[in-house]
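What follows draws every value from the coordinates through simple rules; no lab data is involved. A quick note: this is a predicted structure, and the numbers were derived from the prediction, not measured. Note that each Cβ is placed from the backbone with ideal geometry, even for glycine, and that neighbours are counted across all protein chains shown.
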2 protein chains.
Amino acid sequence: MMKKVRLGIIGLGTQGSTYAGFIADGKIENMTIGAICDIDPAKKDVYPDVPFYDNYIDMLESGDIDAVVTTVPHYLHPEMGIEALKRDVHALVEKPAGVYAKQVRELNEVAASKPDVTFGIFFNQRTNPLYRKLKELIDQDEIGAIRRTNWIITTWWRPQSYYEQSAWRATWNGEGGGVLVNQAPHQIDLLQWICGMPKKVYSNVKYGYQRNIPVEDEVTTLLDYGNGATGVFITCTHDILGTDRFEILGDKGKIVVDDSKTLTIKRLQKPEPELNGTMTMQDVAEIMKGGDVSNIYTEEVIEFESVWGGQHMEVLRNFAANILEGEPLIAPGSDGIHGVSLANAIHLSSWLEKEVELPIDEELYFAELTKKIEAEAAVK
Amino acid sequence: MMKKVRLGIIGLGTQGSTYAGFIADGKIENMTIGAICDIDPAKKDVYPDVPFYDNYIDMLESGDIDAVVTTVPHYLHPEMGIEALKRDVHALVEKPAGVYAKQVRELNEVAASKPDVTFGIFFNQRTNPLYRKLKELIDQDEIGAIRRTNWIITTWWRPQSYYEQSAWRATWNGEGGGVLVNQAPHQIDLLQWICGMPKKVYSNVKYGYQRNIPVEDEVTTLLDYGNGATGVFITCTHDILGTDRFEILGDKGKIVVDDSKTLTIKRLQKPEPELNGTMTMQDVAEIMKGGDVSNIYTEEVIEFESVWGGQHMEVLRNFAANILEGEPLIAPGSDGIHGVSLANAIHLSSWLEKEVELPIDEELYFAELTKKIEAEAAVK
């Protein structure tokens, strides 16, 4: 019989219950539910045969589990990850890895001291075949060196009623931010995973623009990759007609992803610097007008279908397979700091009203965030 | 017989020759070529029956013409417009109205003192049926108050050979800028014509990034409309696979223009603030998944065809019709300052490395531009 990883689920809320369901239904072949931890004692009855804890440290030390997943508020991810890893319990941390880079750095330091304990992060979008293909295309230099990235990802519509479900939602104290921390971390991760981290960012962030919340509901960010390449990242929670369009221009072509479903790849027959040196604009205009552009570029369009839930199951399976057989992690936990740093930089630029460099001053970010939390508490 | 406007063409280069050809071919029913002015005496033979001048002041004072068009380097547009208007000669100024707002303001002041003399600007894209329709939709509040604009207009590919055609091209002294001054003024005008002027801009401008030129070949600009609305404007001359995608999000819908050919209008059944107050994200997600989104929005797609040259002929006809019959101008000359101010603000933000407010400090811009011209001269 195949060996299975006994997972401890910290937090049986929406996300934790979903994962528990997958495992209970036998959908994760290499995993069982080892134990459940929740501060709400009523959750004990959901899986009566599974050991239940109201304190996650007790669960970590119980011997009932080999690993944990932290489906808890973002601020707690680093702390719980650290406590697990310290006890040689494998940790699958929910995204974002934390709210501020300083706390995630501490988590990464502990993880680095435990190279034999598996440390993953729940970036399920990295299992999306479209984004895996996109990363492969960029890594294999199919469109050459990147010149410009542009992602408009505004499919995160959330009404006011969503924000009013819980007091902690969309607050500095409860979540540490809005769309950057709760909805867009997947795309922020994908952007840096595929295109690399920018060196500088400048942002225009709107706090409580279309929703009655203290945190951000709209973000426009200008990225500078430091090598001439630039980018734009836009997200918001008030666009009910959400756009999802990701364009990457390279020296050798262009890729456009529409609706996270359609990948359009235009490959230049020769790198643009060569066309620049050999063709006139009249040559190009005539070829484009004439319709047969194949001397300049070829176009490939790939359509993808996505099955809901499949991504999350794959992250769980891969995490367990890493523990059991050393299968490479799709999303190593140490990668989580990139998205947190980038989101922090976007906030910080708007607070300081200037361009900020990465890596950011993590102490400064923490100090500024603390001010927001204090100001918020004073209002209440 | 219909009365015709006798047009004096200042500069019989590429553009001037095109207009002369339209008129000579009888394509502008209310216009004749009154005279031609060029500093190259060889141009005299092109239209041997038309009075020829090598000095535009002489032409203005000749009595041969009722109006002029200034198809000359950008720096000269304001001066020539001023000299014409002062002499009660109607002026159709080429775009951009000038290189720096200070000189365009002087032109506008002279024009304001001559309310009976026609003053137009050659924004032929304003005659484009697609953009006229788009302006109408916005003006009629079809998608409500604007929340966000986003235009990626990188269809301005120019190879190095283009820049090397003349010594003045793409220099501070000769043109006063690159893509912002030469290629993109149409879109900069359309953007402000349709969506209004921003209150602040922050830009990342690349000078000589992919071309060996001292001026800009790539621009990324963040716009702030001062009322919460934001925007992004991107243009460059090194993208041979040019993108032209203009998205406008409003309170009541969204419009996307693809390739200046396809207009997609999504109209919300109720304004977003109302949907925000009445629907849950689950309601919306289910409607979207189910496919029948008509309870949330309707979609209209309009395809446009454009005939090359038609736009320019229409500007000439309209200009003459304004002179003869008072037909409203498609592009009043006084509108030219908006695009120049916006382009200046984009330059200035990148030079000062900070966000700048509009209207900009026009003296400061002129001083900074003068520095660029002096530095360029020192290198040569």
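Quick one: if the Förster radius is 45 Å, what FRET efficiency do B:I287 and B:D116 give, using the C-beta to C-beta distance and rounding to 0.05? Show your work: numbers first, answer last.
Details: r = 58 Å, r/R0 = 1.29.
With R0 = 45 Å, the Cβ-Cβ based efficiency is 0.20.
Would you grab the residues whose amide H sits under 5 Å from the one on A:Q269? Only those 5+ places off in sequence or on another chain, please, with H modelled 1.01 Å from N.
Amide H to amide H, under 5 Å and 5 or more residues apart or across chains, A:Q269 pairs with A:Y297, A:T298.
Once every DSSP H run of n ≥ 4 in chain B is given -39500 (n - 2.57) and the sum is divided by its residues, what mean residue ellipticity at 222 nm do you get, rounded to the nearest 500 deg cm²/dmol?
Roughly -10500 deg cm²/dmol at 222 nm, from the helical runs in chain B.
To check you understand DSSP bridge types, tell me what percent of the beta bridges within chain B (both residues inside) are antiparallel, rounded to 5. Walk me through the numbers before you get to the answer.
Working: 44 of 69 bridges.
About 65 percent, rounded to the nearest 5.
What shape does region A:332-380 have by the C-alpha gyration tensor, where a ≥ b ≥ c are the square roots of the eigenvalues, rounded means a/c under 1.5, and otherwise prolate means a/b greater than b/c and oblate the rest? Don't skip to the end; give the middle numbers.
Numbers: a/c = 2.70, a/b = 1.54, b/c = 1.75.
Judged from the Cα gyration tensor, region A:332-380 comes out oblate (a/c at least 1.5, b/c at or above a/b).
Rounded to the nearest whole Å³, what is the per residue volume of the convex hull around the Cα atoms of the protein assembly as shown? Write out the running numbers ahead of the final one.
On the way: hull volume 137.9 nm³, N = 760.
Cα-based convex hull of the protein assembly as shown, divided per residue, equals 181 Å³.
Within 10 Å of each candidate Cβ there may be at most 14 other Cβ atoms; applying that plus a DSSP loop requirement, which trypsin sites (Lys or Arg not before Pro) in region A:3-34 survive? Kindly include the intermediate steps, with their values, before the conclusion.
Numbers: sites: A:K3, A:K4, A:R6, A:K27; in loops: A:K3, A:K4, A:K27.
Within region A:3-34, the qualifying trypsin sites (Lys or Arg not before Pro) (loop, at most 14 other Cβ atoms within 10 Å) are A:K3.
Report D for region B:67-152 in µm² per second (integer): Stokes-Einstein, Kirkwood Rh on Cα pairs, 25 °C, 0.890 mPa s.
Details: Rh = 14.6 Å.
Here the translational diffusion coefficient equals 168 µm²/s.
Using the alpha-carbon centroid of each, what span in Å lies between region A:5-51 and region A:216-240?
So the separation of the two Cα centres works out to 37 Å.
Which value results for Rg/Rh of region B:223-279 when Rg is the Cα radius of gyration and Rh the Kirkwood radius based on the inverse mean 1/r? Intermediate results must be reported in sequence, preceding the final value.
Numbers: Rg = 14.9 Å, Rh = 13.7 Å.
Result for region B:223-279 is an Rg/Rh of 1.09.
Could you pull the copy-to-copy label distances for A:E325, with points set 7 Å along Cα to Cβ, in nm to one decimal and sorted shortest first?
Spelled out, the distances from A:E325's label point are 8.1 nm.
What are the nm distances, shortest first, from B:A285 to its equivalents in the other copies, labels at 7 Å along Cα→Cβ?
5.1
Once you have the Kirkwood Rh of region A:104-250 from its Cα pairs, apply Stokes-Einstein at 10 °C and 1.306 mPa s and quote D in µm²/s. Can you show the working numbers first?
Details: Rh = 16.9 Å.
D, rounded to a whole number, is 94 µm²/s.
Can you give the local net charge around A:L342? Use residues other than it whose beta-carbon is closer than 15 angstrom to its beta-carbon, Lys and Arg +1, Asp and Glu -1.
On the way: positive: A:K95, A:K102, A:R105, A:K199, A:K200; negative: A:D189, A:E216, A:D224, A:D335, A:E355, A:E357, A:D361, A:E362.
Computed value for this residue: -3.
Hey, could you grab the Kirkwood Rh for region B:255-380? Inverse mean 1/r over distinct alpha carbon pairs, Å, one decimal. It would help to have the intermediate numbers written out before the result.
On the way: mean 1/r = 0.0490 Å⁻¹.
Answer for region B:255-380: a Kirkwood hydrodynamic radius of 20.4 Å.
By how many degrees, between 0 and 90 and to the nearest 10, does the Cα long axis of helix A:101-112 differ from the longest principal axis of chain A?
Computed tilt is about 70 degrees.
Relative to the longest principal axis of chain B, what angle (0 to 90°, nearest 10) does the C-alpha long axis of helix B:14-24 take?
Computed tilt is about 80 degrees.
Please list, short to long, the whole-number percent of alpha-carbon pairs of region A:1-100 in consecutive 5 angstrom bins beginning at zero.
3, 14, 26, 27, 19, 9, 2, 0, 0
For A:D361, place a label point 7 Å out from Cα along the Cα→Cβ vector, do the same in each other copy, and report the separations in nm, one decimal, smallest first.
Result for A:D361, in nm, nearest copy first: 2.5.
Using Cα springs under 10 Å in a Gaussian network model of chain B, which residue among B:A167, B:A145, B:A111 shows the largest mean-square fluctuation?
Maximum fluctuation in the GNM of chain B, among the listed residues, is at B:A167.
Largest first, please: the extent of the C-alpha atoms of chain A along each principal axis, to the nearest Å.
74, 58, 39
Cα axis of helix B:336-352 to longest principal axis of chain B: angle in degrees, 0 to 90, nearest 10?
70
Taking a quarter of the surface of the Cα convex hull of region A:185-244, what do you get in nm²? Please list the in-between numbers first.
Working: hull surface 18.2 nm².
The Cα convex hull of region A:185-244, projected and averaged over all directions, gives 4.6 nm².
Using 0.36 nm per residue, how much length does the chain from A:E79 to A:V46 gain when fully extended, once their Cα-Cα distance is taken away?
Details: separation 33, 0.36 × 33 = 11.88 nm, distance 2.60 nm.
Computed gain between A:E79 and A:V46 is 9.3 nm.
If the elastic network links every pair of Cα atoms under 10 Å, which of A:D66, A:D292, A:D139 fluctuates the most in the Gaussian network model of chain A?
Checking each option, the largest mean-square fluctuation is seen for A:D292.
In Å, what is the Rg of the alpha-carbon atoms in region A:135-202, and how long is Dmax?
Both quantities, over Cα of region A:135-202: 16.0, 47 Å.
What's the Cα-based Rg to Rh of region A:183-339, Rh via Kirkwood?
Numbers: Rg = 20.1 Å, Rh = 19.2 Å.
Result for region A:183-339 is an Rg/Rh of 1.04.
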